[in-house]
Every structure is written in structure tokens, then in C-alpha cells.
Amino acid sequence: MKINALLIGFCLFFAVSCLATEKTLLRIGVQAYGTADWELTALQHDTQIPQTDFTIETHPVANSEAGRIALQSGAVDMIVSDWLWVSRLRAKGADFTFYPFSDTSGALVIPEKSPIQSVKDLKGKRLGIAGGELDKNWLLLQALAQKEQLDLNASVEKVFAAPPLINEQIRQNRVDAALTYWHFAAKLEASGFRQIIDGRGILKGLGIEENIPSLGYVFRQSWADSHKQAVNHFFIASKQARAKLCSSDAAWQKILPLTQANNTATQNKLRQRYCEGAIEHWGEQEQQAAGRLYKLLGQLSNKQLTGPAEALPAGTFWKPQ
């Protein structure tokens, strides 16, 4: 009887131990060389950042659309995307939700010796725009120009193209200014171009003082609710990894190949802009501001960007508990 009791105790001890050390697998779709790749690589290789109840498995995706397909099909548990996409899905009954990753957004950039000093100086100029007519930065820049009684859509020569092509256009003086995504703007700045205004500056000009994230982790709410502790701990760890990249030169050097920048000036500018995008606070005030921005973008795009919902659908932003 004593032997049986010992055997039962032995088995129970190891069963409990196994359960205690079992980790939640987080399958994350990541674009190669993107900033999420920087952060997750730093996190996975930093033994000082606690990863007690989760483990990360990164899945390469070719672009943002491929990431969205992977998430919706269940091939991955998380991707980095924007909350406007989440809100459109929520309005259709899906349970995807968003947790902020970065509030760095696009910027308006000009050549160093350009006479352009402000948005109103764009009148009559050639403007390169990354994305299309419904690009969020383009819509908001038009709204800001309207406050100066300038119809930007009618008063500039617009050139829409992918960000790398926009960078090439402005380098060859084929456009006078470029409205492009933050990392492409940073590369231009590193080679002598000047930033006139960025996404945060545009929002402030429109009366939205709060910093609203442009990108975040997107995942199913039902999945996160089933793995709440591990998901919460992952978000804490990812913030620690970002802080480490911004404070430790040694940590930054380890991920430098992922920046695909071959000179120090570009590397430093990318690091500066990346670190400026850290989410310092994400509470009720910022979420209400996002709701105001949602309504504004709905008006500016005739709901083509936001979808049919009049207000930001409940649950768009995940609230850890």
C-alpha cells in the first residue's frame, strides 16, 4: 500500500509539474524586416525578459494582405495591422480585436533646399502619395489643408505609387514633396530631406491631441480570452523588448541586419523614429479620440475607408483584465 501511495504521489507531482511548465504557443504572422520582426527577434533572444508562460512561433508573410488572410484562415494567431481594418470586421460580426503596437505614422517630406515650408505651400506642386486615394494620411492632410482654405485634391498634381517608387520619384526631382510611410520617410530624412509634418502633427492640427496608435497586434477576442494570462504577459514582454532596443546599443546592434539599412545615418534615423512610436499610454481618453478619428475618416472617405458603421464598433480595442 505504501508503495502504491508513493507511486501515485510521484505521478501526481510530475503531472502538476508538467502542467505548470506548459506554455501557450503564440503563432504570429510577421513581415520580414518589418518593425514587428525587429521586436520579436529581440524578444526571442533576450533571456532577461520573462517568457514564463508563452512561446513565440513566427510565420513569415509576404505583405499586410497575406498576413490578414493567414489570420482569418487560422494559420496564425496574431498579426500586426491597423484598427480600421479590425473595426470593419467587427461591424460585420467578426470577433477580431486590436492591441496597440506603435503610434508612428507617415510624414510629409521635401528636399532640403525646397521653398516649401508648410502644407499651404503645396499649392501648384507635384505631390507623391504612398498608397491610393483612400490612404489615411492623404485624407487627413486634405482635411488639414481645408482649414487653410486650400483644396489640396484640386490644387496639387498627385502621383500615387508604392512607397519605394515615391522615394525614387522625389530623389529624381520628379515630385516636389512626398507623403509616405514613416520608415520610407526616415530613409529620406537620413539622406538630407526635411520633414514638414508627420501623422501626429496632422492630427494635432485637426484638434486631436491624443496619440492614437497606427498599428497594433490583431487577434481573435475569443482566442485571447482563452489565453488571457499568456497574451498579457506577451504584450508586457514585447514592450520590454522595444524599450531594450531603444536603450541598449548592444541589443540594437543584434537586429541591425533586419533594418536593411547599410549606413549609420539611416540606421540611426530608423531607430529614432521607431522609438518615438512607443505607446506610452493607452487608456479611455486615447480610445475615445480614436472614436472621433473614426468618424472623421468616415466623413472624409464617404465611409469607404471605415465601412458602414456610424461609430467605432464596440470591442475594436482589446481590454486586458
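Values quoted throughout were computed directly from the atomic coordinates according to the rules given, and no laboratory measurement underlies them. Remember, it's a predicted structure, so these values are computed and weren't measured experimentally. Don't worry about glycine lacking a Cβ; one is built from the backbone with ideal geometry, like all the others, and counts go over all protein chains shown.
Taking the Cα centre as origin and putting +1 on Lys and Arg beta-carbons and -1 on Asp and Glu beta-carbons, what dipole magnitude results for the chain, to the nearest 20 debye?
On the way: 34 positive and 31 negative charges, 49 e Å.
With only Lys, Arg, Asp and Glu charged at Cβ, the dipole is about 240 debye.
Take every Cα pair under 8 Å in the chain that's 6+ residues apart, average their separations, divide by the length, and report that relative contact order as a whole percent.
That works out to 27 percent.
For helix 2-21, what angle does its Cα long axis make with the longest principal axis of the chain, in degrees from 0 to 90 and rounded to 10?
0
Just the number, please: percent antiparallel of the DSSP beta bridges in the stretch 107-205, rounded to the nearest 5.
The answer is about 45 percent antiparallel.
What is the stretch 107-205 by shape, rounded, prolate or oblate, if you read a ≥ b ≥ c off the alpha carbon gyration tensor as root eigenvalues and call it rounded for a/c under 1.5, prolate for a/b larger than b/c, and oblate otherwise?
Details: a/c = 1.36, a/b = 1.35, b/c = 1.01.
It is rounded, given that a/c, with a ≥ b ≥ c, falls under 1.5.
Take the alpha-carbon centre of the stretch 87-131, take the same for the stretch 247-321, and report the distance between them in whole Å.
Measuring centre to centre over Cα atoms gives 11 Å.
Pairs of alpha-carbon atoms within less than 8 angstrom and 6+ residues apart define the contacts here; what relative contact order does the stretch 107-205 have, in percent?
Normalised by residue count, the contact order of the stretch 107-205 is 47 percent.
Would you kindly state the longest site-free stretch of the chain, with sites defined as trypsin sites (Lys or Arg not before Pro) in a DSSP loop (not H, G, I, E, B) surrounded by at most 15 other Cβ atoms within 10 Å?
Within the chain, the longest run free of exposed trypsin sites (Lys or Arg not before Pro) spans 175-302.
Looking at the square roots a ≥ b ≥ c of the eigenvalues of the Cα gyration tensor of the stretch 226-321, which shape do they give, rounded for a/c under 1.5, prolate if a/b is larger than b/c, or oblate? Can you show the working numbers first?
Values: a/c = 2.88, a/b = 1.59, b/c = 1.81.
Since a/c reaches 1.5 but b/c is at least a/b, the shape of the stretch 226-321 is classed as oblate.
Give me, ordered by chain and number, the residues 5 or more places off Phe101 or on other chains with an amide H under 5 Å from its own placed amide H.
Amide H to amide H, under 5 Å and 5 or more residues apart or across chains, Phe101 pairs with Leu215, Gly216, Tyr217.
Given the options Ile279, Ala62, Ala42, identify the residue whose Cα lies farthest towards the positive end of the charge dipole of the chain (+1 on Cβ of Lys, Arg; -1 on Cβ of Asp, Glu).
Ala62
Show that you can apply the helix-only estimate: for the chain, add -39,500 (n - 2.57) for every DSSP H stretch of four or more residues, divide by all residues, and state [θ] at 222 nm to the nearest 500. Could the numbers behind the result be given before it?
Details: 14 runs with 156 residues, N = 321.
Helix-only estimate at 222 nm: -15000 deg cm²/dmol.
Within the stretch 217-285, report the GluC sites (Glu not before Pro) that DSSP leaves as loop and that have at most 13 other Cβ atoms within 10 Å. The partial results should precede the final answer.
Values: sites: Glu276, Glu280, Glu284; in loops: Glu280.
Of the GluC sites (Glu not before Pro), the ones in loops of the stretch 217-285 whose Cβ has at most 13 other Cβ atoms within 10 Å are Glu280.
Tell me, what is the percent relative contact order of the stretch 166-321, built from C-alpha pairs under 8 Å that lie six or more residues apart?
Working: 77 pairs, mean separation 40.4, N = 156.
Reported as a whole number, the value is 26 percent.
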